[in-house]
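The values are calculated or read from the model by the stated rules, or taken from the named source; none is laboratory data. Keep in mind that this is a model prediction, so the values were computed, not measured. For neighbour counting, all protein chains shown are included, and Cβ atoms are generated from backbone atoms with ideal geometry for every residue, glycine included.
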Amino acid sequence: MLALHLVRTSRPSALARRALVASAAGAVGFLLLSVLSHAVAHPGHPQTAVARLLWCAVPLAALAHLAVATVRADPSVRPREGLDAVGVGPARLPLLAAVTAGLYCAVGCALAWPAFVHLRGGLGGALDAVPLAGAAGELLGAGRPLPRAAALTLLAVPPLVAAGAGALATRLRSTPSDALPGPSTGLPDPAAALPRRTPPVPTGLPWGVAVTAVGLAVETYAADRLATSTGPGVPLPGSPPDALGVGVVAGWLVIGLGLVLAGPGLVHLCGMLLAAGRPGVLRLLAGRALREEAPRVGHPLGVLCAVTAGALGSVRLYGTARGAGEATVGPLTVLGAAVVLVCAVAAALGSAAEFRAARAAVTAGLCRLGVSRRLLRAAATLRVVAVLAVLAPPTWLVAELATAPLTR
């Protein structure tokens, strides 16, 4: 009941983030149901069904990433006196976060079931007159009944994964060091706008570069062996592991891990470049904020870079395969890719919102010192432009290097 009350009294921005989590969970549930229907319709091809189920782990991981970012940015699961009064202290906050995240995803999966049945063959009765009834019957394996227990089990996976990720993120969340308390009068303290310490330098950039290089080397070696053993052809994302090559998939995973590790260092480097030389007030504010923001938003931005590089590489691979007449992109593949991309973008925006909330006292102190809102908005815009300018070239370069061994 407490979770439902917190949902009902939330702000529109928080409700929009929760609705996005529910939509992503519904899409993941739809993909899992499509795997089940394919397995029922093609009982003689278990390897294909297993491969599809394994590829569903990618959007499921993206959903967990989005759930973590949403829970961290959700003000209803932060420590506060109101929750302590009803017996929800810091020890019970992970449970509240798990229930809240699971509730969003359960709603999305509950809506995915009738949508899937409607597109597969219609809900029966007067609902068959609704548009798109049975429109995807051939794609979703219509004509054979789905085992209810298996369907319910698969639909329970996204809420459980999101609940576990949300609880873990709440337990591991540390108190922001830049949210300085104001005076006892309740007004923002102007001294909070003054830096108390130098932002720490992330140490993950060299490790991220090294891990990315290792991933590229593993993928290149595996691609050469795959081309020697299978002959000409383009290994596509979504293919069975034996056709794609375990080494290629492992290389992609290591490359993505390297980009995630390098994210905070790249954001910190961007802040240092902005504040280099003799910066003015605008560059100084933007650079200082980026250096403080790097540990919090660096990893989500690294995930976004990895997803963007994967999307660019997949587009190139599918374009090469389509030109050779080997394969086309199916609607379920597009749905899975859209879920991953939307979750990565939304998680990065959620992390930025969390950092903005953590710096509320600092922003109020700057305003009391005479800094205009227009200057603060200009600094925020400059941060966005600088981050895009720094992160776009490495993302494009990694995508090109990752696809080069597979298309030559």
Does residue 157 satisfy the condition of being within 29 Å of residue 19 (Cβ to Cβ) and at pLDDT below 80?
no
Taking the criterion of being touching an Asp or Glu at 6+ places or on another chain (Cβ under 8 Å) and at pLDDT below 85, would at least one residue in region 94-115 satisfy it?
yes
Yes/no for residue 393 being under 28 Å from residue 59 (Cβ atoms), assigned by TED's automatic domain parsing to the domain that holds residue 254, out of contact with any helix residue (DSSP H, G or I) (no Cβ under 8 Å at 6 or more places or on another chain) and not aliphatic (A, V, I, L, M):
yes
One residue from 387, 334 being touching a residue at least 12 places away in the same chain (Cβ under 8 Å) and either within 30 Å of residue 18 (Cα to Cα) or not in a helix (DSSP H, G or I) (or both)
387
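Given the criterion crowded, with 17+ Cβ neighbours inside 10 Å and under 15 Å from residue 304 (Cα atoms), identify the matching residue among 336, 365, 350.
350
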Index of the failed condition, residue 329 passing every other in (1) within 27 Å of the chain's Cα centre (by Cα); (2) assigned to a helix (DSSP H, G or I)
(2)
Tell me the helices (runs of 4 or more DSSP H) entirely within region 198-317 that contain at least 2 residues that are at pLDDT 85 or above and either out of contact with any His (no Cβ under 8 Å at 6 or more places or on another chain) or crowded, with 20+ Cβ neighbours inside 10 Å (or both).
204-230, 246-274
